[in-house]
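Peer 1: I have a structure here, written as structure tokens, and I will follow up with some questions on it.
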Amino acid sequence: MIPHRQAAPGVEPIGPPIIVTGWLGWIRQTFFNTPLNTIITLTCLLFLWRVLPPFYDWAFAAALWEGDAKACRQPGTGACWAFVIEKLRFALFGFYPADLHWRPLAMMLVFIAMIGASGYQRFWRRELFYGWVVALVAMYVLMAGGVFGLARIETRQWGGLPLTMALAIIGLVAAFPIGILLALGRRSRMPVIRMMCVVYIECIRGVPLITILFMSAIMFPLLLPEGVQIDKLLRAQVALILFAAAYIAETVRGGLQAIPRGQFEAAQSLGLGYWRMMAKVILPQALKIVIPPLVNTFIGFFKDTTLVIIIGLFDFLTAIRSALTDPAWLGFHVEAYVFAASVYFLFCFSMSRYSLWLEGHLSPERRR
């Protein structure tokens, strides 16, 4: 071991150069560490220099936040955010009665509260499951009404952001345990169960989501007995759940295959049965491994909910596109789609950042 060199008496030690430490060192090592990275960095800076100032002028400096369509069409006017503000309630709630918008708003707040509670490990107990059951019932009562003096609202009037959140979040919550069971079934030693899971997963993953939605909206009602009807929203929700479960199953199966055989043998040596072994030993490790691909699946599924327009459901993006058909506000599609993209980015970016936090929170290094 090389002894630490002591500074001479009366002489203060000199630290490393600032170009290799601190934020300057980080910038140098990240963006200018090789000639190719230097060229790429300078090219990106040039692109931002040419794009950001005009975008800032259009989006903020010259933007109009209040007024009508005539004011937005004046020369020199930038983005017409007045259109977004004018159509905000319709974009968020669709054709839901305007005097009852507090109900979908309360439903979204309950959703956000439950998602926030589910994100922390301290709440990962049996009570959380019961809380989700109560919350889902409460959210349905808020949206549909018909009890406790709330006016009945048909599902065809549901729309906007609450519908998108309901389809995506309820779909993922319900599809996650189904996907785990399918992953376990595909690795089962019983040929019948394994073959059934393989056929289901490959059939669902082999067709686009739009096909499954068409089947749920058009073909499935033809198979029902005469006089029996199932709500279109429920059929779409089930179709989304079945679709997401197949992709989640393959992601979880990858995590199961990454677990060393010794973990299975160690759990069996302790006398644990199959289900206790999976719940206590194998699945916690497997799910921790597949957090990034799982979140990627969740993000893709959240964006895929926009396809429900093909069966007549009025999701958030469809509500914004419908707002563009107002003759008084024709021509402001850029602002509408920028607003929609910002909302989708907020949700997707939040999921990606949470996955990074969860990976670090569950890492073995942090537990030491």
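Peer 1: Please work out which one of (1) free of Cβ contacts under 8 Å to residues at least 24 places away in the same chain; (2) within 22 Å of residue 206 (Cα to Cα); (3) not acidic (Asp, Glu) is the condition residue 274 fails and give its number.
Peer 2: Only one criterion is unmet by residue 274, namely (2).
Peer 1: When you look at residue 138, is it at pLDDT 90 or above and more than 28 Å from residue 293 (Cα to Cα), yes or no?
Peer 2: It is true that residue 138 is at pLDDT 90 or above and more than 28 Å from residue 293 (Cα to Cα).
Peer 1: Follow-up. Within the set of pairs 6 or more residues apart or between chains, which connect a residue that is closer than 20 Å to residue 119 by Cα inside segment 131-153 to a residue that is among the aromatic types (Phe, Trp, Tyr) and in a helix (DSSP H, G or I) with Cβ atoms less than 8 Å apart?
Peer 2: From segment 131-153, the pairs are 135/111; 139/111.
Peer 1: If you go through segment 260-280, how many residues are surrounded by 16 or more Cβ atoms within 10 Å (Cβ to Cβ) and modelled with pLDDT of 90 or more?
Peer 2: 2
Peer 1: Among the numbered criteria (1) surrounded by fewer than 13 Cβ atoms within 10 Å (Cβ to Cβ); (2) modelled with pLDDT of 90 or more; (3) closer than 24 Å to residue 309 by Cα, which one does residue 204 miss?
Peer 2: That leaves (1) as the condition not met.
Peer 1: Looking at this structure, is residue 140 touching a strand residue (DSSP E or B) at 6+ places or on another chain (Cβ under 7 Å) and of a type outside the set (Gly, Ala, Ser)? Full working, then the answer.
Peer 2: Working: touching a strand residue (DSSP E or B) at 6+ places or on another chain (Cβ under 7 Å): no; of a type outside the set (Gly, Ala, Ser): yes.
Taking the combined requirement at face value, the residue does not satisfy it.
Peer 1: Select from segment 188-202 the residues that are assigned to a helix (DSSP H, G or I) and either without any contact (Cβ under 8 Å) to a residue 12 or more places away in the chain or touching a Leu at 6+ places or on another chain (Cβ under 9 Å) (or both) and list them in ascending order. Explain how you work it out, then say what you get.
Peer 2: Within segment 188-202, the subset assigned to a helix (DSSP H, G or I) is 191-202.
Scanning segment 188-202 gives 191, 192, 193, 194, 195, 196, 197, 199, 200, 201, 202.
Peer 1: Something else about it: Looking at this structure, is residue 328 in a helix (DSSP H, G or I) and either in the same structural domain as residue 121 (by TED's automatic domain parsing) or at pLDDT 90 or above (or both)?
Peer 2: Criteria not met by residue 328.
Peer 1: Can you tell me which residue within segment 93-123, out of those that are part of a loop (DSSP other than H, G, I, E, B) and within 20 Å of the chain's Cα centre (by Cα), is surrounded by the most Cβ atoms within 10 Å (Cβ to Cβ)? Walk me through it before giving the result.
Peer 2: Here is the first cut: in segment 93-123, the residues part of a loop (DSSP other than H, G, I, E, B) are 94-97, 101, 119-120.
Remaining after also requiring within 20 Å of the chain's Cα centre (by Cα): 119-120.
Details: 119: 14, 120: 11.
So, considering only residues that are part of a loop (DSSP other than H, G, I, E, B) and within 20 Å of the chain's Cα centre (by Cα), the one surrounded by the most Cβ atoms within 10 Å (Cβ to Cβ) is 119.
Peer 1: Can you give me the number of residues within segment 148-187 that are assigned to a helix (DSSP H, G or I) and over 30 Å from residue 261 (Cβ atoms)?
Peer 2: Count: 18.
Peer 1: Scan segment 250-301 for residues that are touching a Ser or Thr at 6+ places or on another chain (Cβ under 8 Å) and among the hydrophobic types (A, V, I, L, M, F, W, C) and jot them down.
Peer 2: 290, 291, 294, 295, 299 - these are the residues of segment 250-301 that are touching a Ser or Thr at 6+ places or on another chain (Cβ under 8 Å) and among the hydrophobic types (A, V, I, L, M, F, W, C).
Peer 1: Of the residues that sit in segment 73-90 and are without any contact (Cβ under 8 Å) to a residue 40 or more places away in the chain and not in a loop (DSSP other than H, G, I, E, B), which one is nearest to residue 332 (Cα to Cα)?
Peer 2: Within segment 73-90, the match that is nearest to residue 332 (Cα to Cα) is 82.
Peer 1: If you don't mind, there's one more thing I want to ask. Report yes if residue 82 is at pLDDT 85 or above and under 24 Å from residue 306 (Cβ atoms), otherwise no.
Peer 2: Values: at pLDDT 85 or above: yes; under 24 Å from residue 306 (Cβ atoms): no.
Against the criterion (at pLDDT 85 or above and under 24 Å from residue 306 (Cβ atoms)), residue 82 does not qualify.
Peer 1: Additional query: Restricting attention to segment 216-235, which residues are under 20 Å from residue 314 (Cα atoms), over 22 Å from the mean Cα position of the chain (by Cα) and either surrounded by 14 or more Cβ atoms within 10 Å (Cβ to Cβ) or among the aromatic types (Phe, Trp, Tyr) (or both)?
Peer 2: 216, 217, 232, listed by residue number.
Peer 1: Can you name the condition, by its number, that residue 210 falls short on among (1) β-branched (Val, Ile, Thr); (2) under 22 Å from residue 317 (Cβ atoms); (3) surrounded by 14 or more Cβ atoms within 10 Å (Cβ to Cβ)?
Peer 2: (3)
Peer 1: Can I ask one more? If I go through segment 99-116 residue by residue, how many of them are over 16 Å from residue 165 (Cβ atoms) and at pLDDT below 90?
Peer 2: 0
The values are calculated or read from the model by the stated rules, or taken from the named source; none is laboratory data. From a predicted model like this one, the values you see are computed outputs, not experimental measurements. Reconstructed Cβ throughout: ideal geometry from the backbone, glycine too, with neighbour counts over all protein chains shown.
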